[in-house]
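Notes to accompany the following structure.
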Amino acid sequence: MAAILEKKYLSSNVVEMVLEAPHIAATRRAGQFVVLMTDEKGERIPLTIVDSDTRKGTVTIIYQVVGKTTTCLADMNPGDRLYSLLGPLGRPTEIKNFGTAVCVGGGVGIGVVYPIARALKETGNRVISIIGARTRDILILEEAMSKTSDRLVVATDDGSYGVKGFVSQVLQDLIDSGEEINHVFAVGPVPMMRVICEVTRPHEIETVVSLNPIMVDATGMCGACRVSVGNATKLACVDGPEFDGHQVDFDLLTNRLRMYYREEKESMEDFRCRCDGK
Ligand code: FAD
Ligand code: NAD
Ligand code: FES
């Protein structure tokens, strides 16, 4: 049972936690994730390993509080122990010297793209990062992304900080300016990843996206995380979570993510009622 060692709010509903996990810290690579359970009856949820420290035997996760399990997790504190923590899972990111690599992170997706940007920089790539949030107050990891990038562009939807607009427009402007880009990694909301792929497609720039379908066992047995890539069915937990974005069926992913919306809402409402003692 992994102990929670540190907890910090990066914005009003995004939490960073450092967990005791020496075995995971020793072998994890960029792009991989853990599956955790807060308690015995809880759901298993996948979260990306944002960072690790092999000396201390710790891993760092960053998550947005969106439903029942992330709410339960955010209620836990240093000293508490998770019911279970499994990992590292998923295929690591393919890291090599591409030349100039652009890392695009939208919202909490910045936490997922950060370890990729770091690994790319350590491998000698010229890293340009584009990170975006709806407003300045919910932008995360600006300093960390700046340290790991040769160039960082920040965008906010409302223009409260950096460039006004979506990260996809920043990428479009970069391409239009004649910047030579050899590879793009994009992580964030599904509509964002879809648009990024449409921006790079005409220029034939290889674009990798990290998919976030609902996962159950995360070992390739249940089929819950199936996605369609190049008309072939893939399991995001064992074949991914990263795929060639130009081949992904984003409509199917969007529909499958909505599949349990009613149940997720009921579960959250039931949880809130129990917390309120109703
Ligand atoms: P639920 O009650 O299950 O859902 C609440 C809301 O969130 C619903 O609207 C639902 O449609 C939506 N939702 C549920 N599951 C997902 C999902 N997989 N992706 C997107 N939306 C979802 N989130 C982070 O904040 N940080 C991460 O580093 C991170 N890494 C991930 C890595 C992988 C490989 C995958 C598959 C997902 C990752 N996610 C990450 C998403 C995270 O797993 C979900 O937000 C979480 O499972 C929601 O659980 P919940 O019980 O709190 O919410
Ligand atoms: P958000 O809705 O606030 O969007 C963040 C940024 O993404 C925006 O500021 C904008 O720059 C860009 N964006 C959003 N919609 C866009 C569109 N239609 N076209 C172009 N760009 C767009 O994001 P959030 O609330 O922080 O949510 C983060 C999302 O990341 C969630 O939907 C979650 O499912 C997803 N996520 C994905 C993974 C993964 O592994 N792929 C992991 C964690 C979270
Ligand atoms: Fe069950 Fe991927 S989560 S097969």
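Below, the figures for the structure above:
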quantity	calculated
FRET efficiency estimate (nearest 0.05) - Cβ-Cβ, Glu204 to Arg44, R0 30 angstrom	0.20
Principal-axis tilt of helix 190-200 within the chain, Cα atoms, nearest 10 degrees	20
Most mobile listed residue (Ala232, Ala117, Ala25) in the chain, GNM with C-alpha springs under 10 Å	Ala232
D (Stokes-Einstein, µm²/s), Kirkwood Cα radius, segment 15-128, 1.002 mPa s at 20 °C	145
GNM top mover of Glu180, Glu242, Glu16 - the chain, alpha-carbon springs below 10 Å	Glu180
Carbon/sulfur fraction of accessible area - segment 177-252, other protein chains in place, 1.4 Å, %	50
Max mean-square fluctuation residue, GNM over the chain, Cα-Cα springs under 10 Å, options Val34, Val195, Val102	Val195
Kirkwood-based Rg to Rh ratio, segment 2-66, C-alpha trace	0.95
Debye-sum result for segment 118-201 in log10 I(q)/I(0), which assumes one identical scatterer on each alpha carbon, at q = 0.17, 0.24 Å⁻¹	-0.70, -1.35
On Cα atoms only, tilt of 261-275 relative to the major axis of the chain in degrees	50
Candidate lysines for bridging to Lys56, where Cα separation is under 25 Å - those fewer than 8 sequence places away on the same chain excluded	Lys7, Lys8, Lys121, Lys147
Residues of type aspartates and glutamates that Lys234 reaches as a straight line, Cα spacing below 16 Å, ignoring anything fewer than 8 places off in the same chain	Asp217, Glu242, Asp244, Asp249, Asp251
Cα long-axis angle, helix 167-176 against the chain (0 to 90 degrees, to the nearest 10)	20
Once exposed loop chymotrypsin sites (Phe, Trp or Tyr not before Pro) are cut out (DSSP; at most 14 other Cβ, 10 Å), longest piece of the chain	84-259
For segment 121-278, the Rg and Dmax computed from alpha carbons only, in angstrom	18.3, 60
Kirkwood hydrodynamic radius of segment 43-95, from inverse mean 1/r over distinct Cα pairs, in Å	12.9
Where only C-alpha atoms are counted, convex hull volume of the chain per residue in Å³	131
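The values are calculated or read from the model by the stated rules, or taken from the named source; none is laboratory data. Not measured: the values here are computed from a predicted model. Please note: Cβ atoms are built from the backbone with ideal geometry, for glycine as well, and neighbour counts cover all protein chains shown. Side chains are part of the model used for accessible areas, which takes the heavy atoms of the whole protein and leaves out ligands, DNA and RNA. Shrake-Rupley method; radii C 1.70, N 1.55, O 1.52, S 1.80 Å.
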